[in-house]
1. Would you check if S390 is in a loop (DSSP other than H, G, I, E, B), within 16 Å of ligand 2 (Cβ to nearest atom), of a type in the set (S, T, N, Q) and modelled with pLDDT of 95 or more?
2. Please verify whether the stretch 44-55 includes one or more residues that are farther than 26 Å from L183 by Cβ and free of Cβ contacts under 8 Å to residues at least 12 places away in the same chain.
3. Among the listed residues F374, F380, which satisfies the condition of being within 16 Å of ligand 2 (Cβ to nearest atom), part of a strand (DSSP E or B) and of a type in the set (F, W, Y)?
4. Search the stretch 331-351 for residues that are of a type in the set (A, V, I, L, M, F, W, C) and pair each with any residue that is in a loop (DSSP other than H, G, I, E, B) when their beta-carbon atoms are under 8 Å apart and the residues are at least 6 apart or on different chains.
5. Given the conditions (1) of a type outside the set (D, E); (2) over 24 Å from the mean Cα position of the chain (by Cα); (3) modelled with pLDDT of 95 or more, and given that L30 satisfies all but one, which numbered condition is not satisfied?
6. Restrict the check to the stretch 414-425 and report whether at least one residue is at pLDDT 95 or above, assigned to a helix (DSSP H, G or I) and among the aromatic types (F, W, Y).
7. Suppose we filter I166, I113, I138 for residues that are more than 17 Å from I66 (Cα to Cα) and away from ligand 1 (no atom under 16 Å from the Cβ); which single one remains?
Amino acid sequence: MKRPLRTLFVASEAYPLIKTGGLADVAGYLPLALHDLGVEVTVVLPAYAHVLEQVKARVIAYVSTIRGYALIRETRLPNSKVRLWLVDHPLFAERPGNPYLNEEGEEWPDNAIRFGLFNQALAQLLAGKTAITRKFDIVHCHDWQTGLLPVYMHQEQLVTPTVFTIHNLAYQGIYPATMHGELKLPLSSWSHDGVEFHHMLSFIKGGLVYADRITTVSPTYADEIKRDEFGYGLSGLLLYRSDDLIGIINGIDTKTWNPATDPLIAEQYDVKRLDLKVENKLALQRATGLPHDPAVMVLGNVGRMVEQKGIDIILDALPELVKLPVQIVIEGTGESRFEARLAEAMSRWPDKVGGLVGYDEPLAHLIEAGADAFLMPSRFEPCGLNQMYSQAYGTLPIVYPTGGLRDTVVDATEQTLTEGAATGFYMDSLGKPGLYRAVVEALNLYADKAAWRRMQVTAMQQDFSWEHSAKEYLKLYQMLSRSAE
Ligand code: ADP
Ligand code: GLC
């Protein structure tokens, strides 16, 4: 093929326009890395009001949908050459809350229609039923919100190869069976071998059954989801499709997350000026009202406050952790029961526990720079980004070795320490005692300044750039487009 490979990259959020989690980071940065490798990427998002406020996007086509017409608008991803299309329909107009949930944290009641329509409109576009004539070599879908696109493409008899990426199998987009008819899905798809899941409509099954290839965001998670324990009822299907399933680890944006140039931290540093890192600790202590103490070990955590992330394990361990010579800084939003417990802990141990119930990017950067170690006791973690940000900032991650955490953190053992390969600490079990023991182990090593510094340098020198992942996706795209020729 002479012209560049063309990919339609379909997602429900992309940094910096709209973000609720790591999916946005992937959809915001992977296309840039693919573009640098010569792929012509077109990203597509729903035209949420919040997105339209930030960009100027001209209308390039109309498309007929299951609920009247939608407009296709075109612009670029901010500060990039990557084309962005927006599917503009009144159902994506202004609402408080985020793309999926209202301000009370409940799902929007019309989510099935909203995302179903998004998928169906794109299938119409790909089938040439709009003014857009561009042809694509690959359609790359992400998470349940895009799971029905391969089904609608099948209905349109489109043969463009499709890739479906699982970012989190715990979110599946399950709706009442009546939605199948309302969304005008093909009758043939209503079966156990299609989108039916225990008599309900499953969006994610559309991707898992109809896409040509399935990827997920780390090799370990790709193995885990084939087991009942991690499969959320879909492990049998994933096992059946295991020849078509691979794990490709995510990258991080090394420009945004670089302590040598990060404008959001108090003092920039790198491996040669690692002594300056402590200025960030002092700034973090100031920002969170903790006592100024350059020597004390600071444990950080940033993330969605949900069980997946083990935030309950951290909160449960606090009464023991505060007895150690450490300070703990936590930033997060999520389930109100966890938010309330964090607020309570901050007032109960004001000299030991600080942080924020909220979403604040500058503080997230300061925590990465100012903490000594980063807590990530996730029950499952498809990839996880914070453990990679932490390493780039010389802040050693303490993790439960699951999914991407296992693939990106090297546990400190006698051997890895001698070899200079260690970059973090594995909990020996999931739960409060496992977390406590790992913190004590880190604390002991922290006392050995030379050993700690060596680990920090190894961590900071890891290459987590998007280029690696993008090359893997490119290989997959090339293989699929060749076999479709
Ligand atoms: P997930 O997508 O499961 O939430 P990831 O680790 O892949 O987990 O990505 C989470 C992203 O969201 C990271 O970029 C993290 O820094 C960011 N993040 C999560 N919660 C907050 C918060 N309260 N404030 C700032 N950033 C946050
Ligand atoms: C999901 C996962 C997280 C992953 C992110 C981006 O939200 O929970 O582990 O890093 O997607 O792929």
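1. no
2. yes
3. After ruling out the rest, the residue left standing is F374.
4. Short answer, once both residue conditions are applied: F338/V306; W349/V322.
5. L30 satisfies every listed condition except (2).
6. Looking only at the stretch 414-425, we keep the residues that are at pLDDT 95 or above, and these are 414-425.
Those left that are additionally assigned to a helix (DSSP H, G or I): 414-419.
Those still in the list that are among the aromatic types (F, W, Y) too: none.
The answer is no; no qualifying residue exists.
7. Numbers: I166 fails: away from ligand 1 (no atom under 16 Å from the Cβ); I113 fails: more than 17 Å from I66 (Cα to Cα).
Selected residue: I138, the only one of I166, I113, I138 that is more than 17 Å from I66 (Cα to Cα) and away from ligand 1 (no atom under 16 Å from the Cβ).
Per-residue answers, yes or no, for (1) within 16 Å of ligand 1 (Cβ to nearest atom); (2) touching a strand residue (DSSP E or B) at 6+ places or on another chain (Cβ under 8 Å):
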residue: V306; (1), (2): yes, yes
residue: G310; (1), (2): yes, yes
residue: L315; (1), (2): yes, no
residue: V322; (1), (2): no, yes
residue: I328; (1), (2): yes, yes
residue: G334; (1), (2): yes, yes
residue: L342; (1), (2): yes, yes
residue: Y359; (1), (2): yes, yes
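The values are calculated or read from the model by the stated rules, or taken from the named source; none is laboratory data. The shown structure was predicted, so the numbers you read here are calculated from the model rather than taken from an experiment. As a convention, Cβ positions derive from the backbone with ideal geometry for all residues, glycine included, and neighbour counts pool all protein chains shown.
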